[in-house]
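The values are calculated or read from the model by the stated rules, or taken from the named source; none is laboratory data. Please read all numbers here as calculations on a predicted model, not as lab measurements. Don't worry about glycine lacking a Cβ; one is built from the backbone with ideal geometry, like all the others, and counts go over all protein chains shown.
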Amino acid sequence: MDQNVTDRADATWTVSKSQLDSPRGVVAAQHFEAARAGAQILAHGGNAMDAAVVTALVLSVVEPWLSGIGGGGLLLWASGDGGEVDTLDFNVRASRNMDQSQYPLVKGRDGDWFDWPSVEGDRNLIGYASICIPGAVAGFAEALEKYGTLSWEDALAPVIELAERGMRIDWFTSLCLAIDAQGLARLPASAELFLDNGRPRRVPNGKQVDYLPMPAKAATLRRLAHAGAQDFYEGEIARSIVTDLLAGGSVIDAADMAGYQPRWRAAQSGVYRDTEVAVVPGLSGGPSLLETLSRIERSLTTGATDGQAAAVYASAIRSTYEDRLKTMGHAGAHGDCTSHVSVVDADGNMVSLTNTLLSRFGSKVTLPGSGILMNNGMMWFDPRKGMPNSIAPAARPLANMCPAILSRDGRPLMAIGAAGGRQIFPCIAQLISYVLDRGMSLEEAFHAPRLDGSGPTLVIDQAAAPDVAAAVSQHYPVEIRANSLHPVLFAIPSAVLRVGECNSGMVHPVNPWTACAVEAGQHD
C-alpha cells in the first residue's frame, strides 16, 4: 500500500473548543440550542436557576435520547453572596408495587466487574417493566419556586416552541438514532417517532439540516404550562401517563405518581486543598467524588510527573470504586446517557444540574398519549437479592450522577458535572485536580488527557504522555483508547468558573453539539 494512503487511513482529527469568558452570565450545556436558550433567559433578567431549568427542559426536546421530563436528576444551588449550598434530589424511584420476583434471573452474565446475572428478557433494561417514577417535572418546578424568578409557564414557552418546530436532524442525530435503532424498533410509538420505516431518520438529499416535529410532546408541554407541574402527577397528564404505563405492563399506578416528592437537603461537603467541594448526599456519585479527592490529596505531591499523577488518580478511583460497589451497590453495566448543565450568572449564583433517562433513549418507550420518552431506572438496581442496591418497593436507586459546586472564601468558584454513567466522578475528580493542583484553565483541563478507572481495566487516553501507561500498568491492567465521539470512554463534562468578576465556561470538546453561551446571546 502507498505510504501516503496508509498515513491518511491512520490519521485522526484534532478536535478542540475554546473556553468562553465574560463578565456576564455563562451557560455550559451539551447542545448549543439549549445553551443559547438558557443564555437568553439570563439576558432577560433571569438568574442561574431560571437558566438551568430552561436549558434542561430544552435538552429534553433537542437531545431527547439523553434526558427529559420522563427521567430524573440532581442539582445544586449556590448563592453568589455565599452561604450553604442547597441540593435537590429529583431522581427516579421504583414503584411501591415493585417486587424482585418480577425480574427473574436467567442463565448468562452481564460481563461487568461483579459479573451480574442477566434478567429474563432484559426486563430491567428495556420496555415498560424497566420504567421508574419520573421526577424531572417535580424537580424543575420545585427549583424554580425556591430559587428562580421565572414562572413555570414562562419557563416552558421556549421549550414548547422548539417541540413544535421539532428536533434537529443532522448527521449527528442520524448517528445517535442508528446506535439504538434496533431497540427503538421494538416499541411502536418510538419507532414511529424516531425511525423512518425502521431505519434511522436522515437529512434529505440536498439539505444539511431537517427538523422532526413532536406534536404529542408539544401538546403535553402546553398542558403543563397551563395546568401546572402537578398535573404531571395528579391531573390529566398523569392519567394519560398511567393509562399508557399500565397498558404496556408497568406496575406504576396513579398512587405512585401522586406520591412522588423531590427532596431538598443540605449539601455534603469536603475540603480539597483550600477549596470546599459540595455534592448531593446519599445515593449519588457525590460521596464517591469526595472520597476520591481525599485519596488524591493524600498522595499527589507537588511537581509530580504526568505518569506519577496518573498512578495516583488510578489508585484513588479504583479504591473508591471497590468501596462503592461493595457498600453502596452497583449503578449498572450499560453506559448511562445523561445531560449536564452548569450555569453562573452575573451575580455569581451557580447551578450544577444533571438530568438523565439512564440508558440512551432510556427504556426506549415513548408513551403514545403524551409523547414522553421514559427512563429505564430499574437498570440502576442490582437484580440479585440481598445486595445493598437490590430491587425493592418504592426504593431509590444508587445513581452515577455527580453534580458539584466548589467554593472558596465562602463564594462559589466552580460548577461542574458530566454525563457518562460510571465514568462521571472519575472524570470530575481529575478535572478538579487539573485546575486546583496544576493551575490549568478550564480549556486546558478539558483538553488534557484523562484515564477512566470505573471498570476492570484502566482505560487511558491515547494522547496521554508516554510515561502514563507505563506507570499505571505497574498496578492495573491497561487499555489505551482514543477520546472519541462514540463510544464515550472518558465522560462528557461541562463546567463554569468564576474568578473575581470574570465568568468562564467550558464544554466537552469531542462532541459537535456541546456549547457555552453568554447572556448577551453570543455562543461558541
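Within region 18-59, the set of residues being surrounded by fewer than 19 Cβ atoms within 10 Å (Cβ to Cβ) and among the basic types (Lys, Arg) comprises just one member, Arg24. Screening Trp380 on (1) touching a Gly at 6+ places or on another chain (Cβ under 6 Å); (2) more than 17 Å from Leu289 (Cβ to Cβ); (3) modelled with pLDDT of 95 or more shows it passes everything except condition (3). Evaluated against (1) modelled with pLDDT of 90 or more; (2) out of contact with any Asp or Glu (no Cβ under 7 Å at 6 or more places or on another chain); (3) of a type outside the set (Ser, Thr, Tyr); (4) at negative phi, Leu367 falls short on exactly one condition, (2). Ala227 meets the conditions (1) over 26 Å from the mean Cα position of the chain (by Cα); (2) within 28 Å of Asn511 (Cβ to Cβ); (3) of a type in the set (A, V, I, L, M) in every case but one. The failed one is (2).
Looking at this structure, is Ala309 among the small types (Gly, Ala, Ser) and either in a helix (DSSP H, G or I) or touching a residue at least 60 places away in the same chain (Cβ under 8 Å) (or both)?
Numbers: among the small types (Gly, Ala, Ser): yes; either in a helix (DSSP H, G or I) or touching a residue at least 60 places away in the same chain (Cβ under 8 Å) (or both): yes.
Answer is yes for this residue.
If you go through region 472-508 and keep only what is surrounded by fewer than 16 Cβ atoms within 10 Å (Cβ to Cβ) and under 17 Å from the mean Cα position of the chain (by Cα), you end up with Leu485, His486, Pro487. How many residues are out of contact with any Pro (no Cβ under 7 Å at 6 or more places or on another chain), in a strand (DSSP E or B) and either over 25 Å from Thr338 (Cα atoms) or of a type outside the set (Phe, Trp, Tyr) (or both) when one looks only at region 66-86? The qualifying residues number 2. Scanning region 165-200 for residues that are under 21 Å from the mean Cα position of the chain (by Cα), over 18 Å from Leu357 (Cβ atoms) and not in a helix (DSSP H, G or I) gives a single hit, Arg168. Looking across Ser95, Ser60, Ser16, Ser101, one residue alone is among the hydroxyl-bearing types (Ser, Thr, Tyr), in a loop (DSSP other than H, G, I, E, B) and either at pLDDT below 95 or within 22 Å of the chain's Cα centre (by Cα) (or both). It is Ser16.
May I ask you to list pairs of residues, at least six apart or on different chains, whose Cβ atoms are under 6 Å apart, with the first in region 206-226 being more than 17 Å from Val62 (Cβ to Cβ) and the second being at pLDDT 95 or above? If the second residue must be at pLDDT 95 or above, the pairs left are Arg222/Ile160; Arg223/Ile237; Ala225/Glu153; Ala225/Leu156. The residue that is nearest to the chain's Cα centre (by Cα), counting only those in region 27-52 that are closer than 14 Å to Met350 by Cβ and part of a helix (DSSP H, G or I), is Ala52.
Restrict the check to region 306-315 and report whether at least one residue is crowded, with 23+ Cβ neighbours inside 10 Å, farther than 16 Å from Val468 by Cβ and either of a type outside the set (D, E, K, R) or out of contact with any Phe, Trp or Tyr (no Cβ under 7 Å at 6 or more places or on another chain) (or both). No.
On the stretch given as region 368-390, residues that are over 28 Å from Tyr147 (Cβ atoms) and in contact with a strand residue (DSSP E or B) (Cβ under 8 Å, 6 or more places away or on another chain) total 9.
Take the conditions among the acidic types (Asp, Glu), touching a residue at least 60 places away in the same chain (Cβ under 8 Å) and surrounded by fewer than 19 Cβ atoms within 10 Å (Cβ to Cβ) and apply them to Glu142. Does it pass?
Numbers: among the acidic types (Asp, Glu): yes; touching a residue at least 60 places away in the same chain (Cβ under 8 Å): yes; surrounded by fewer than 19 Cβ atoms within 10 Å (Cβ to Cβ): no.
Against the criterion (among the acidic types (Asp, Glu), touching a residue at least 60 places away in the same chain (Cβ under 8 Å) and surrounded by fewer than 19 Cβ atoms within 10 Å (Cβ to Cβ)), Glu142 does not qualify.
Which one is modelled with the highest pLDDT, of the residues in region 324-361 that are outside any loop (DSSP other than H, G, I, E, B) and of a type in the set (D, E, K, R)?
Looking only at region 324-361, we keep the residues that are outside any loop (DSSP other than H, G, I, E, B), and these are 324-327, 337-344, 350-358.
Checking which are of a type in the set (D, E, K, R) leaves us with 324, 326.
Numbers: Arg324: 79, Lys326: 65.
Filtering first and then ranking leaves Arg324.
Scoring Leu406 on the criteria (1) more than 17 Å from the chain's Cα centre (by Cα); (2) within 25 Å of Arg96 (Cβ to Cβ); (3) in a strand (DSSP E or B); (4) not small (Gly, Ala, Ser) leaves a single failure, condition (2). Just one of (1) assigned to a strand (DSSP E or B); (2) of a type outside the set (Lys, Arg); (3) out of contact with any strand residue (DSSP E or B) (no Cβ under 8 Å at 6 or more places or on another chain) fails for Pro393. It is (1).
So is Ile296 touching an Asp or Glu at 6+ places or on another chain (Cβ under 6 Å) and surrounded by 16 or more Cβ atoms within 10 Å (Cβ to Cβ) or not? No, not satisfied.
Considering region 412-471 alone, what residues qualify as being hydrophobic (A, V, I, L, M, F, W, C), within 18 Å of Val15 (Cα to Cα), in contact with a Phe, Trp or Tyr (Cβ under 9 Å, 6 or more places away or on another chain) and surrounded by fewer than 20 Cβ atoms within 10 Å (Cβ to Cβ)? The answer is Ala448, and nothing else. Among strands (runs of 3 or more DSSP E) entirely within region 417-524, having at least 3 residues that are in contact with a Ser or Thr (Cβ under 6 Å, 6 or more places away or on another chain) singles out 492-499. Does Asp437 count as acidic (Asp, Glu), over 16 Å from the mean Cα position of the chain (by Cα) and at pLDDT 95 or above? Against the criterion (acidic (Asp, Glu), over 16 Å from the mean Cα position of the chain (by Cα) and at pLDDT 95 or above), Asp437 qualifies. Return the residue satisfying two criteria in turn: it lies in region 104-134 and is small (Gly, Ala, Ser) and under 23 Å from Leu184 (Cα atoms), and of such residues it is modelled with the lowest pLDDT. Checked region 104-134; the qualifying residue modelled with the lowest pLDDT is Ser118.
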